[in-house]
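Enquirer: Please find one structure pasted underneath; my questions will follow.
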Amino acid sequence: MKATVQVSRGIESLYGTRDENIRLIESGLNVNTKLGNDTLEIEGEPEAVARAEAIFEDYFALVKEGVVFKNGDLNSLLRVVTADPDITLRALVNSGRQRSFGKKVLAPKTVTQRRYLEAIERNDLVFGIGPAGTGKTYLAVAMAIQALISKRVTRIILTRPAVEAGERLGFLPGTLQEKIDPYLRPLYDALYDMLEAEKVEKLLERASIEVAPIAFMRGRTLNDSFIILDEAQNSTAEQMKMVLTRQGFNSKMVVTGDLTQIDLPTGRKSGLNDAADVLRGVEGISFVYFDERDVVRHSLVQRIVRAYEKYNQEVAGRQLTLKLSDGPSLLEPPPESPAAAAEQQRAESPDGPPPALTAEAASAPAQA
């Protein structure tokens, strides 16, 4: 089946850098497109062609209304729309309203990101769990800055475990703060991306923004605060409970982590995993799960995450098969020792077992 869509301005953004957007639509819906003078021709199965036609019509109508699509944003939106037939491009753009976060104006790029922001607005404790590059920490910091600027809270507390990612850094020079700063650098990066450097420094000096490792949280009560626990998969169950119970009056807490990147010693259960099991279903707590479709970094990151997930599932399946094939059958008796087998053979002999020898007979010399 073929269909034709009238082309208006904005065709360059639709195609994207090196045609990555149009190729995403073609591969996601299994259609072919051909650009004419003022038309875009679509060819493929009827259902796929109808979906592609609806996406193109939504795009050109939104551009005509004045919506400006950045290349990365449009690519993220198209990934969602091509993967879920129940979502339209217009509905996704309208629902992801722009928000002001300091010097940044952002809009959620995926459905899960939108649900994540709405969960933070509605609940006082939110868990954001998913792979790298899905915006868990960045959006949490953005919401914290928005709350601080609008005076809904008086300070932001950013914390994360000081755990090395598979390598030993040794003893770091400097003061205690200088030693722990490298572990907390991603949180600083998000702050400086949304606020002017001078304002960040001033807020840090006044302790309106505090960046510290988990160890500094014990014994505190954090009122009127927006608390973010990042990289929570590297906290222990005891640390997780300790941090969660720091929350005071008029405070929000967001806990983020990736359960596929645990750097704890072998045998230690992740506090994030533990909290997901213990707190599921508790009123006032929301869990938002991201997947590879929500990755908003380079498109390769999405494919890398998917490849690792597929590989881990295959390895787990092979290990389970090996355990089942190597284990002893419940229907077979355990193997007998050689001595037991010989005794059983003598007992089953037609002449019966030989008479037991007395000590004297055993020691007497054989008669000629």
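The values are calculated or read from the model by the stated rules, or taken from the named source; none is laboratory data. Here the structure is a predicted model, which is why all the values come from computation and not from measurement. Heads up, the Cβs are rebuilt from the backbone with ideal geometry, glycines too, and the neighbour counts pull from every protein chain shown. Accessible surface areas use protein heavy atoms only, side chains included; no ligands, DNA or RNA. Shrake-Rupley method; radii C 1.70, N 1.55, O 1.52, S 1.80 Å.
Enquirer: Would a scan of segment 30-48 turn up a residue that is surrounded by 15 or more Cβ atoms within 10 Å (Cβ to Cβ), touching a residue at least 24 places away in the same chain (Cβ under 8 Å), among the hydrophobic types (A, V, I, L, M, F, W, C) and part of a helix (DSSP H, G or I)?
Expert: Scanning segment 30-48 turns up no residue that is surrounded by 15 or more Cβ atoms within 10 Å (Cβ to Cβ), touching a residue at least 24 places away in the same chain (Cβ under 8 Å), among the hydrophobic types (A, V, I, L, M, F, W, C) and part of a helix (DSSP H, G or I).
Enquirer: Given the residues VAL282, VAL254, VAL243, which is the only one that is at pLDDT 90 or above and exposed (fewer than 12 other Cβ atoms within 10 Å of the Cβ)?
Expert: Of the residues listed, the single one that is at pLDDT 90 or above and exposed (fewer than 12 other Cβ atoms within 10 Å of the Cβ) is VAL282.
Enquirer: In addition: Restricting attention to segment 261-276, does a residue exist that is outside any loop (DSSP other than H, G, I, E, B), open to solvent by 10 Å² or more (accessible area, probe 1.4 Å), of a type in the set (S, T, N, Q) and at pLDDT below 95?
Expert: Taking every residue of segment 261-276 in turn, at least one turns out to be outside any loop (DSSP other than H, G, I, E, B), open to solvent by 10 Å² or more (accessible area, probe 1.4 Å), of a type in the set (S, T, N, Q) and at pLDDT below 95.
Enquirer: Continuing with this model, one more query. Residue check, GLU57 against (1) open to solvent by 50 Å² or more (accessible area, probe 1.4 Å); (2) closer than 26 Å to GLU231 by Cβ, all met but one. Which one?
Expert: All conditions are met except number (2).
Enquirer: Okay, moving on. Could you tell me how many of the residues in segment 60-81 are surrounded by 20 or more Cβ atoms within 10 Å (Cβ to Cβ) and without any contact (Cβ under 8 Å) to a residue 60 or more places away in the chain?
Expert: 4
Enquirer: Just one of the numbered conditions (1) buried (at least 17 other Cβ atoms within 10 Å of the Cβ); (2) out of contact with any Leu (no Cβ under 6 Å at 6 or more places or on another chain); (3) farther than 21 Å from VAL296 by Cβ is not true of VAL5; which one?
Expert: Only one criterion is unmet by VAL5, namely (2).
Enquirer: While we're here: Out of ALA190, ALA232, ALA237, which single residue is modelled with pLDDT under 90, within 22 Å of PRO131 (Cα to Cα) and not charged (D, E, K, R)?
Expert: Every option except ALA190 fails the conditions.
Enquirer: Please tell me if ALA232 is in contact with a helix residue (DSSP H, G or I) (Cβ under 6 Å, 6 or more places away or on another chain) and aliphatic (A, V, I, L, M).
Expert: yes
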